[in-house]
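For reference, the structure is listed below as structure tokens.
Nothing in this text is a laboratory measurement; each read-out follows from the coordinates by a stated rule. Fair warning: this is a prediction, and the values are worked out from it, not measured in the lab. Positions of Cβ are generated from backbone atoms using ideal geometry, with glycine treated the same way; all protein chains shown enter the neighbour counts.
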Amino acid sequence: MATVLRTYEPRFWDRFYIPALLQGLFITLGRIFKRKDTIQYPESKHVPPEGYRGLHRLNRHEDGRIKCVACEMCATACPAQCISIESSPAPWEEGEERYPVKFEIDLLRCIYCGFCEIACPKDAIDLTEIYDFSDYTRDSLVIDEDGLLKVGDITQTGNVYQRHNRGEKVELPLAR
Amino acid sequence: MDTFDLLATIIKVVIVFVTILVTIIILGLAERRVSGFMQYRLGPNRVGPWGLLQTVADGIKFLFKEDIIPDNVNRPIYLLAPVITMIPAFMTFAVIPFGVPLEIAGHTVKLQVADINIGLLYILALTSVGVYGLVLAGWSAGSKYPLLGGLRSSAQLISYELAMGLAIVGVIMVSGGLTFNEIITHQQATSWNFWKQPLAALVFLVAMFAETNRLPFDLTEAEQELVGGYHTEYSSFKFLMFYMSEYANVITASGFMVCLFFGGWDMPFIDEKALGHWGVVLSVLAFVSKVGFFLFLYIWVRWTFPRFRYDQLMRLGWKVLLPLGLVNIFAVGLWMALRA
Ligand code: SF4
Ligand code: SF4
């Protein structure tokens, strides 16, 4: 089948450009009354898609013990070398023998690749959907173990931004 | 001139000046919000209710910004250029009547700052003076982009001033006078010039956009090619002066258009002069809403049409608008000769 090339053949009135100009004007006029795409941050927030890699969290067992066993698999896998862990024998009788006394992630060095999440044998570390954490100093953007556990607690009950948009009050860690 | 007239004139000057400033503020916000709406956005809506104070905040920002004067500018001319642009921009509105004369205590107060008998020529002359500001700004900045912008503006304004003048000639021929009051009274007695001379109205409209350097004719500040055109090297308050004079010119051009082709303060089917004070209010409202429509048109057109290329601009001016203006004059002359 031959390719049909469609060329533009202006009709008599088209040569004056007036009909086309008016058509254009009415397109833009109509847009004024259409629904706007603006998300009015911070009252409502963009909900990132499933699998978004944002702020990290550390997970807990049902009884509240930290899942992490301080094996440092994540720190080894991390290409940015921004995880630092101090391991110590666990204080509890039952369960894992070791746990991290210090678990810090430098959020400014992290490249949010998600390798830590994949490397972890215990499903202890995840990347969450939280994206709006910012601060004025570099020190405050090094998140410690308590902070990471708190992120874990907040994000257990569903997407924080969906909850925020529904009007629920969600205290985000770090976010001002 | 007695004390009453003097006082009335001073009050009118203050009112008109303040109104123009307030309109500039509103226009600055409207420009940004309407732009937003046309692009499925909301535009600035945080400062004050509905963002009403946004332009005020912008103005304050301009005042507190560092005022940078580049090293190799021609200082006296560089400093003078914004003033040369701004003063005529604010002066031109003086001859535009915005309502029927008001009767107070036996005196007649014309709602117009100055009713001079060459009103139309006054506006054409002053807008040409305003062009000097742009050209000097571009020339004195000692940098190539402003220079190009300034050159473009002079060429563009000369070309379109001609077409504009020709469009006005037709109006002067039918109304038989150079003052706005004669033109408006004539339109009130018969019908709006727009219905009688749509061709002239169209030519004038296009020329008006070109004269005020607005899209689709903003070749002088085409930001993709010329950074910012003639005001590239200006900052802080001097930039604000260019910004304000552009809007003042837009307002005056809209008022000019309304007076010439859309009956000025004339409200159709109503005899304002017979209604006393209410007629005055009605006529001012009619004028304001007509001007408001054209201000909206400026923004509307800005987000609808792409910018002309320079040669297209020149072709449109000299090969299309100029002949159309001449055709209009010829047609009006023929019509008047046949009727006489
Ligand atoms: S997301 Fe990547 S860079 Fe960030 S902590 Fe995990 S492994 Fe390191
Ligand atoms: S988070 Fe996972 S990979 Fe990292 S130290 Fe803890 S258990 Fe090991």
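Mind checking which residues of the range A:43-83 are more than 12 Å from ligand 1 (Cβ to nearest atom) and basic (K, R)?
Result: A:K45, A:R60, A:R65, A:K67.
For every residue, the table says whether it meets (1) within 30 Å of A:V142 (Cβ to Cβ); (2) in contact with a Leu (Cβ under 7 Å, 6 or more places away or on another chain).
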| site | (1), (2) |
| --- | --- |
| A:D14 | no, no |
| A:Y17 | no, no |
| A:K36 | no, yes |
| A:K45 | yes, no |
| A:G51 | yes, no |
| A:E62 | yes, no |
| A:A75 | yes, no |
| A:A90 | yes, no |
| A:Y99 | yes, no |
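Among the strands (runs of 3 or more DSSP E) confined wholly to the range A:73-176, which include 1 or more residues that are exposed (fewer than 15 other Cβ atoms within 10 Å of the Cβ) and of a type in the set (D, E, K, R)?
The strands (runs of 3 or more DSSP E) meeting that bar are A:83-89, A:98-106.
Do we find that A:P100 is within 16 Å of ligand 1 (Cβ to nearest atom) and more than 16 Å from the chain's Cα centre (by Cα) in this structure?
Yes.
With the requirement that a residue be in a loop (DSSP other than H, G, I, E, B) and among the small types (G, A, S), what does the range A:26-72 give you?
A:S44, A:G51, A:G54, A:G64, A:A70
Looking at the range A:104-147, which of its residues are charged (D, E, K, R), closer than 14 Å to A:S84 by Cα and near ligand 2 (Cβ under 10 Å from one of its atoms)?
Result: no residue meets the conditions.
If the requirement is being acidic (D, E) and either within 14 Å of ligand 1 (Cβ to nearest atom) or within 14 Å of chain B (Cβ to nearest Cβ) (or both), which of these qualifies: A:E117, A:E171, A:E86, A:E94?
Checking each option against the conditions leaves just A:E117.
Can you tell me which residue within the range A:70-97, out of those that are charged (D, E, K, R) and farther than 16 Å from A:R60 by Cβ, is nearest to ligand 2 (Cβ to nearest atom)?
A:E72
Look at the range B:75-103 and say how many of its residues are in a loop (DSSP other than H, G, I, E, B) and more than 14 Å from B:G255 (Cβ to Cβ).
Qualifying residue count, the range B:75-103: 2.
Kindly establish whether B:Y145 is of a type in the set (S, T, Y) and crowded, with 24+ Cβ neighbours inside 10 Å.
Considered against the rule, which asks whether it is of a type in the set (S, T, Y) and crowded, with 24+ Cβ neighbours inside 10 Å, B:Y145 comes out as no.
Can you tell me which residues in the range A:11-46 are of a type in the set (S, T, Y), more than 7 Å from chain B (Cβ to nearest Cβ) and farther than 30 Å from A:Y131 by Cβ?
A:Y17
Is there a residue in the range A:52-66 that is free of Cβ contacts under 8 Å to residues at least 40 places away in the same chain, at positive phi and within 12 Å of ligand 2 (Cβ to nearest atom)?
no
I'm trying to understand the selection: among the residues of the range B:34-60, which are within 13 Å of chain A (Cβ to nearest Cβ) and within 30 Å of B:P97 (Cβ to Cβ)?
B:V34
Just for the range A:31-60: of the residues that are out of contact with any helix residue (DSSP H, G or I) (no Cβ under 7 Å at 6 or more places or on another chain) and among the small types (G, A, S), which one is nearest to B:W50 (Cα to Cα)?
Checked the range A:31-60; the qualifying residue nearest to B:W50 (Cα to Cα) is A:G54.
Quick test of your reading of the structure: B:L282 fulfils all but one of (1) of a type in the set (A, V, I, L, M, F, W, C); (2) in contact (Cβ under 8 Å) with a residue 60 or more places away in the chain; (3) closer than 26 Å to B:I20 by Cα. Name the failing condition by number.
With respect to (1) of a type in the set (A, V, I, L, M, F, W, C); (2) in contact (Cβ under 8 Å) with a residue 60 or more places away in the chain; (3) closer than 26 Å to B:I20 by Cα, B:L282 is out only on (2).
Please pick out the residue among B:K238, B:K319 that is touching a residue at least 24 places away in the same chain (Cβ under 8 Å), over 26 Å from A:I27 (Cα atoms) and among the charged types (D, E, K, R).
B:K238
Tell me which residues, restricted to the range B:104-158, are part of a helix (DSSP H, G or I), under 22 Å from B:T19 (Cα atoms) and not hydrophobic (A, V, I, L, M, F, W, C).
B:G119, B:Y122, B:T127, B:G130
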